[in-house]
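The values are calculated or read from the model by the stated rules, or taken from the named source; none is laboratory data. These numbers come from a predicted model, not from an experiment. In this analysis, Cβ positions are derived from the backbone assuming ideal geometry, glycine residues included, and neighbour counts consider all displayed protein chains. Surface areas here come from the heavy atoms of the whole protein model, side chains and all, with no ligands, DNA or RNA. Shrake-Rupley method; radii C 1.70, N 1.55, O 1.52, S 1.80 Å.
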Amino acid sequence: MKVLTILGARPQFIKAAPVSRVLRQEITELIIHTGQHYDANMSDIFFDELNIPKPDYNLGIGSGNHGKQTGEMLAKIEEIILKESPNFVLVYGDTNSTLAGALAAAKLHVPIVHIEAGLRSFNKRMPEEVNRILTDNVSSLLLCPTETAIQNLTNENIKDGVYNIGDVMYDAVLYNKTLAESTSTILEREELQSKDYLLITIHRAENTDDVDRMKSILDAFSQIADKKVWPIHPRTKKKLEDYGFQLDQIPNLQVIEPVGYLDMLSLEMNAKKIVTDSGGVQKEAYFAEVPCVTVRDQTEWVETLIEDANILTGTDTTKIVEAVQKQVSPSYTPVFGDGKTAEKVLALLKEYEN
Ligand code: UD1
Ligand code: UDP
């Protein structure tokens, strides 16, 4: 059996690490890296530290408007599918790389396996929501991380090939947590004390591309006295420069370059609280039982909202500040699988091979 995996963006490298490790024990996997993320600290660092097999194809597409970026990927992925004739095309999540891979495969009648199927924010202004809905609609195997995802698909009358296999990001955390604890030196490097800082990540287009929303978020950071560390996504860095916002005016804020996964796990586990708009980081906060504040109007990861483990504030300054100050002590309920999701992917691929 030959599986063609499409990767392109940071969270997809992290999701692929546990899955590729298991798939390659029994089947042939080829990887296409679309090049959507290309900075060393957004791409290579994850391949190196997580031992993800080197991509067989590197498309080098880079950044661009949605149509151009997705269209260029589509054309190049199609050529590779024609050349390689895989049994399955495997895509992760909801990025433009996901959609391009799914569309190319659908047109060539190659069955698509969608890992992290069924998530919905019910906000079609998010590029991710469009990518997920379209991908789910052309997928043969819809591998859902949660019961909520299954229910979302049922509501859209998508029932065939749908399985709750748990979340591959939980596999990744379980596999790497101890390694992160023993090898990461990020706290020393950044002079941080455990449980004495807030960890911030912001990159969602609905926030970064809206000057008012960004101002509102930054106003909240100015009002929060705690030490704050912010590994800044290149998209956000660029947008804040365009807007002329001065991050060095915000008290007690340490802006750093994006970090590798092991450093990120260490930053998350040792944070007092996490403020984010990332999908993956919301879950990792919950796995680590660190309180999270999500500066979005919706979340796909509704399970994390239990007992205010994750508080959804939108970008309202006061709501963010209040949520950060609220005392909560989350405890993880195992709703994201058993950490053996990758094994379930392999088992289903074998079952569906024809
Ligand atoms: C993409 C995904 C988003 C995911 C995020 C993970 C889409 C539509 N969005 O958003 O769902 O949550 O990845 O991080 O697919 N840039 C660099 N260097 C890089 C990569 C990006 O400088 O290596 C800058 C460029 O200015 C680029 C901008 O970031 O224009 C946005 O990159 P892009 O991949 O288009 O979207 P993300 O915001 O990263
Ligand atoms: N991450 C990382 N370094 C960083 C920021 C995030 O390794 O500087 C990891 C994080 O731990 C999680 C994943 O990247 O596993 C989340 O990706 P991102 O926030 O870019 O995208 P999303 O999950 O929102 O799609």
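Pairing residues of the range 109-128 that are of a type in the set (Ser, Thr, Tyr) and modelled with pLDDT of 95 or more with residues that are assigned to a loop (DSSP other than H, G, I, E, B) and crowded, with 24+ Cβ neighbours inside 10 Å, at Cβ distances under 6 Å and at least 6 apart in sequence or on separate chains, gives Ser121/Glu300.
Here the range 30-73 is the region considered, the condition is being in a strand (DSSP E or B) and free of Cβ contacts under 8 Å to residues at least 40 places away in the same chain, and the residue that is nearest to Gln12 (Cα to Cα) is His33. Mind checking whether some residue in the range 186-199 is of a type outside the set (Lys, Arg), closer than 30 Å to Lys124 by Cα and within 15 Å of ligand 2 (Cβ to nearest atom)? Scanning the range 186-199 turns up at least one residue that is of a type outside the set (Lys, Arg), closer than 30 Å to Lys124 by Cα and within 15 Å of ligand 2 (Cβ to nearest atom).
Looking at Ala9, Ala17, just one residue is closer than 20 Å to Glu116 by Cβ, more than 10 Å from ligand 1 (Cβ to nearest atom), buried (at least 16 other Cβ atoms within 10 Å of the Cβ) and not acidic (Asp, Glu), and that residue is Ala17. Against the test of being in contact with a Phe, Trp or Tyr (Cβ under 8 Å, 6 or more places away or on another chain) and within 16 Å of ligand 2 (Cβ to nearest atom), the options Glu257, Glu303 yield a single qualifying residue, Glu303.
Of the candidates Thr236, Thr208, Thr201, the single residue that is of a type in the set (Ser, Thr, Tyr), over 18 Å from Lys273 (Cα atoms), in contact with a strand residue (DSSP E or B) (Cβ under 9 Å, 6 or more places away or on another chain) and within 10 Å of ligand 1 (Cβ to nearest atom) is Thr236.
Taken over the range 30-42, the criterion of being more than 16 Å from ligand 2 (Cβ to nearest atom) and touching a Ser or Thr at 6+ places or on another chain (Cβ under 6 Å) is satisfied by Ile31 alone. Within the range 74-98, being in a helix (DSSP H, G or I) and open to solvent by 20 Å² or more (accessible area, probe 1.4 Å) holds for Leu74, Ala75, Lys76, Glu78, Glu79, Leu82, Lys83, Glu84.
In the range 182-200, the residues that are buried (at least 16 other Cβ atoms within 10 Å of the Cβ) reach residues that are among the small types (Gly, Ala, Ser) with C-beta atoms within less than 8 angstrom, at least six apart or across chains, in these pairs: Ser184/Ser266; Ile186/Ser266; Leu187/Ser194; Leu187/Ser266; Tyr197/Ala271; Leu198/Ala271; Leu199/Ala271. I'd like the full set of residues that are more than 10 Å from ligand 2 (Cβ to nearest atom) and touching a helix residue (DSSP H, G or I) at 6+ places or on another chain (Cβ under 6 Å), limited to the range 275-289. Correct list: Tyr286, Phe287, Ala288.
Among the residues of the range 99-135, just one is open to solvent by 10 Å² or more (accessible area, probe 1.4 Å), in contact with a Ser or Thr (Cβ under 7 Å, 6 or more places away or on another chain) and more than 13 Å from ligand 1 (Cβ to nearest atom), namely Pro111. Restricting the range 214-233 to residues that are within 16 Å of ligand 2 (Cβ to nearest atom) and not in a strand (DSSP E or B) leaves a set whose member that is farthest from Ser266 (Cα to Cα) is Ile217.
Would you call Lys238 under 26 Å from Ser194 (Cβ atoms), more than 10 Å from ligand 2 (Cβ to nearest atom) and basic (Lys, Arg)? Criteria not met by Lys238. Taking the range 241-335 as the region of interest, the strands (runs of 3 or more DSSP E) fully inside it that hold 3 or more residues being open to solvent by less than 40 Å² (accessible area, probe 1.4 Å) are 273-276, 292-294. Within the range 202-224, the set of residues being within 18 Å of Glu322 (Cα to Cα), touching a residue at least 60 places away in the same chain (Cβ under 8 Å) and open to solvent by 10 Å² or more (accessible area, probe 1.4 Å) comprises Arg213, Ser216, Asp219, Gln223. Evaluate the following for Leu30: is it in contact with a Phe, Trp or Tyr (Cβ under 9 Å, 6 or more places away or on another chain), surrounded by fewer than 22 Cβ atoms within 10 Å (Cβ to Cβ) and closer than 18 Å to Val281 by Cα? Judged against the criteria, Leu30 is not a match. Taken together, Thr148, Thr236 contain a single residue that is in contact (Cβ under 8 Å) with a residue 40 or more places away in the chain and part of a helix (DSSP H, G or I), which is Thr148.
For Leu99, the test of being over 23 Å from Val335 (Cα atoms) and within 15 Å of ligand 2 (Cβ to nearest atom) is passed.
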